[in-house]
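Report on one structure; see the data block that follows.
The values are calculated or read from the model by the stated rules, or taken from the named source; none is laboratory data. If you're wondering where the values come from, they're calculated on a predicted model, not measured in any experiment. Don't worry about glycine lacking a Cβ; one is built from the backbone with ideal geometry, like all the others, and counts go over all protein chains shown. Surface accessibility is based on the protein's heavy atoms, side chains included, excluding ligands, DNA and RNA. Shrake-Rupley method; radii C 1.70, N 1.55, O 1.52, S 1.80 Å.
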Amino acid sequence: GAVVSQHPSWVICKSGTSVKIECRSLDFQATTMFWYRQFPKQSLMLMATSNEGSKATYEQGVEKDKFLINHASLTLSTLTVTSAHPEDSSFYICSAINLGQGGYGYTFGSGTRLTVV
Amino acid sequence: AQTVTQSQPEMSVQEAETVTLSCTYDTSESNYYLFWYKQPPSRQMILVIRQEAYKQQNATENRFSVNFQKAAKSFSLKISDSQLGDTAMYFCAFFSQGGSEKLVFGKGTKLTVNP
């Protein structure tokens with residue numbers, strides 16, 4: 001089945017530094033990927049839609065200069081948290097649309113737990 | 001805009017029993033998909049079941065089945081013979097082919113299966 005690999009699984013960084021999270025579709029091409037943020041005991045909050053070869057579309061209230069998204073190939077999207085602060089600590093999840101035999105489906109990465117100290 | 005409502009923040013069930021999780025949605029679209037995702041403590045999102053709106057037959061996947069009431073815009077998930085491994089957050093989600101391809105999630109239901 002379709003697999004999305006997300007790395008790293010967890011990362012601790014110092015305040016003011018930048019962190020890059022990678023999301024790769026391993027066995028299918030993903031022209032569109034999505035980045036979510038999830039706070040404890042809450043639902044997934046969509047941050048942005050990443051389209052291969054074009055600029056990402058950010059949801060209202062998400063700072064595009066802080067959360068840089070690059071989708072340079074059909075299998076890789078990256079999220080860079082720039083000048084990270086403790087309030088950026090969260091769980092980040094990516095997903096990709098997979099048009100399988102059953103129709104539309106979304107495959108999720110395993111998530112990245114970011115802690116900013 | 002589409003919305004998804006899960007009115008049960010938490011539920012519990014005894015092992016081997018049956019439990020039903022509720023989900024309602026609001027849309028003016030006619031072609032769409034509905035999903036139930038499971039998020040165990042590992043936080044990996046796992047697809048449980050999918051329903052295409054044009055299909056009248058309710059989807060089933062082993063112990064999981066849905067009751068899809070299109071006119072009522074209701075999409076409940078029934079888990080039969082509950083197992084300890086079913087303990088997780090369950091999210092109902094909506095996707096419209098005519099829209100932005102975004103998944104719209106409900107707030108989730110935390111299900112605990114007790115031994």
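Quick look at the values:
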{"read-out": "GluC sites (Glu not before Pro) lying in DSSP loop within region B:31-115, provided at most 16 other Cβ fall within 10 Å", "value": "B:Glu101"}
{"read-out": "Residue-averaged beta-carbon neighbours from other chains (10 angstrom radius) around A:41-52", "value": "3"}
{"read-out": "Region A:5-66 shape via C-alpha gyration tensor axes, a/c threshold 1.5", "value": "rounded"}
{"read-out": "³J(HN,Hα), Karplus 6.51/-1.76/1.60, whole Hz, each residue of region B:35-48, x for Gly, Pro", "value": "9, 10, 10, 10, 10, x, x, 5, 6, 6, 7, 10, 5, 9"}
{"read-out": "Local electrostatic count, A:Tyr106, Cβ distance below 13 Å [Lys/Arg +1, Asp/Glu -1]", "value": "+1"}
{"read-out": "Relative contact order of chain A, pairs being alpha-carbon contacts under 8 Å that are 6 or more residues apart, as %", "value": "36"}
{"read-out": "Signed unit charges on C-beta, dipole axis of chain A, positive-most listed residue A:Pro8, A:Leu26, A:Cys94", "value": "A:Pro8"}
{"read-out": "Dipole of region B:22-115 [Lys/Arg +1, Asp/Glu -1 at C-beta], most positive-end residue of B:Leu34, B:Ala71, B:Phe105", "value": "B:Phe105"}
{"read-out": "Lysine pairs within chain A, Cα separation less than 21 Å, 8 or more sequence positions apart or different chains", "value": "7"}
{"read-out": "Charge context of A:Leu46, other residues only, Cβ under 10 angstrom, K/R +1, D/E -1", "value": "+1"}
{"read-out": "Ranking by accessible area, most exposed first, for B:Asp26, A:Asp65 with a 1.4 Å probe", "value": "A:Asp65, B:Asp26"}
{"read-out": "Assigned charges on the beta-carbon of Lys, Arg, Asp, Glu; the protein assembly as shown dipole about Cα centre (debye)", "value": "180"}
{"read-out": "Selection from A:Thr115, A:His71, B:Pro115, by position along the positive dipole direction of the protein assembly as shown (Cβ)", "value": "A:Thr115"}
{"read-out": "Reciprocal mean inverse distance between Cα atoms of region B:29-98 - Kirkwood radius, Å", "value": "12.8"}
{"read-out": "Cysteines without a disulfide-compatible neighbour (Cβ-Cβ under 4.7 Å), the protein assembly as shown", "value": "A:Cys13"}
{"read-out": "Cα-centre dipole for region B:1-87 with unit charges at Cβ (Lys and Arg positive, Asp and Glu negative), debye to 20", "value": "220"}
{"read-out": "Whole-angstrom gap from region A:24-99 to region B:30-69, using each part's C-alpha centre", "value": "24"}
{"read-out": "Net charge of neighbours whose Cβ lies under 14 Å from the Cβ of A:Ser83, counting Lys and Arg as +1 and Asp and Glu as -1", "value": "0"}
{"read-out": "DSSP-assigned coil residues among trypsin sites (Lys or Arg not before Pro) in region B:43-115, each with at most 14 further Cβ atoms within 10 Å", "value": "B:Lys55, B:Arg63"}
